[in-house]
1. Kindly provide the trypsin sites (Lys or Arg not before Pro) of the stretch 1-89 that DSSP labels as loop, not H, G, I, E or B, and whose Cβ sees at most 12 other Cβ atoms within 10 Å.
2. Quick one: net charge around residue 82, please, counting Lys, Arg +1 and Asp, Glu -1 for every other residue with C-beta under 14 Å from its C-beta.
3. For Kirkwood radius over Cα pairs in Å, which listed value, (1) 15.0; (2) 21.6; (3) 13.7, comes from the coordinates shown?
4. Which residue fluctuates most in the GNM of the chain (Cα springs below 10 Å): 46, 18, 82?
5. Where in the stretch 21-62 does the label zone of residue 106 land, with the point 7 angstrom along Cα→C-beta and an amide N cut-off under 19 Å?
6. Find out how many positive minus negative residues lie around residue 68, taking Lys and Arg as positive, Asp and Glu as negative, among other residues whose Cβ is under 11 Å from that of residue 68.
Amino acid sequence: MSKCFSKDFFECLSDIRLNNNSTWYQENKVRVNSARKEMEEFANLLIPMVKNFDSNIGVYEAKKTMYRQHRDIRFSKDKSSLKTYISSVIFYGIDKKINTPCYYIHLEDV
């Protein structure tokens, strides 16, 4: 696998961590979507490789493996609106079910 994440990808994650609010997100939505696209491209490369050694993996479009960027803050004391990471999950089968084995990818700037 020759896919590498760009410097902009990690700078975007760092900026999300430092500016975690809706105003910043609206002004930088193109950057965030570009970083998410890099993760999607990585997942597109990874899914067939995982299927080579684990036939339980369902057929996926990488876009369907991505978690959303906004946090659910309804019951949280932390009201920051964005996740400071970009993540993807490759499940067994074709549905995201509770307690299903999976491969989880989580990239974050710390």
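Read-outs: derived from the displayed coordinates by stated rules, not from any lab. The structure presented is a predicted model; accordingly, all values stated were derived computationally and were not measured. Glycine also receives a Cβ, built like all others from the backbone with ideal geometry; neighbour counts cover every protein chain displayed.
1. Taking the stretch 1-89 and a limit of 12 other Cβ atoms within 10 Å, the loop trypsin sites (Lys or Arg not before Pro) found are 3, 68, 74, 77, 79.
2. Neighbour charge sum, excluding residue 82 itself: +2.
3. Checking each listed value against the structure points to (1).
4. 18
5. 36, 39-40, 43
6. Local net charge: +2.
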